[in-house]
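The values are calculated or read from the model by the stated rules, or taken from the named source; none is laboratory data. Just so it is clear, the model here is predicted, and its values are computed rather than measured. Every residue, glycine as well, gets a Cβ built from its backbone with ideal geometry; the counts of neighbours run over all protein chains shown.
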Amino acid sequence: MASIEPLVAKMVSSSPDANNGIILLDQVKNNTSGRVETADATSALKETLLSTNRFSLVPDSKLIEGRQALGLQGDDSLISRSKAIGLARYLGAKYIIYASANGNPGMPEIMIQLLQAQTGEILWTGTGNVQR
């Protein structure tokens, strides 16, 4: 996922107020018409975010606990922003990252949005083609 690093770099430079916060990142959503390795994309995005040394991520174990406490199903990909905001607040996250793979499954475009957890305001949006 070569395009994730430049996208994250743009997000970090465009959203200086979002630095040093805890981020809720659930999973990259597949909005293509075919199969996309969303688990690999999610892992790459998490690694890239952590490598900036500007963010902390909600640990997966806490994410699972929070989902259970709020009655969210394991396959509920937090499409509803109100669910994501509620979960982020419950877990003490300041920000939420929505990420999706769109377009052609052979060469999907990744879209990343950074949201402020308290207000739901979109602080930054970016897209880029995935190069395999």
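Counting just the residues of segment 104-123 that are buried (at least 17 other Cβ atoms within 10 Å of the Cβ) and assigned to a loop (DSSP other than H, G, I, E, B), which one comes out farthest from the chain's Cα centre (by Cα)? Here the answer is Pro108. Among the residues examined, Lys83 qualifies as at pLDDT below 90 and either assigned to a helix (DSSP H, G or I) or in contact with a Gly (Cβ under 7 Å, 6 or more places away or on another chain) (or both).
The set of residues from segment 9-58 being of a type in the set (Gly, Ala, Ser) and in contact with a Phe, Trp or Tyr (Cβ under 6 Å, 6 or more places away or on another chain) comprises Ser14, Ser15, Ala18, Gly21. Of the set (1) modelled with pLDDT of 85 or more; (2) over 13 Å from Ala117 (Cβ atoms), all apply to Ala88 but (2).
Might you let me know whether segment 20-41 holds any residue that is under 18 Å from Trp124 (Cβ atoms), in contact with a Ser or Thr (Cβ under 9 Å, 6 or more places away or on another chain), outside any loop (DSSP other than H, G, I, E, B) and modelled with pLDDT under 90? Checked segment 20-41: at least one residue is under 18 Å from Trp124 (Cβ atoms), in contact with a Ser or Thr (Cβ under 9 Å, 6 or more places away or on another chain), outside any loop (DSSP other than H, G, I, E, B) and modelled with pLDDT under 90.
Picking from residues in segment 51-80 that are modelled with pLDDT under 90 and under 19 Å from Trp124 (Cβ atoms), the one that is nearest to the chain's Cα centre (by Cα) is Leu78.
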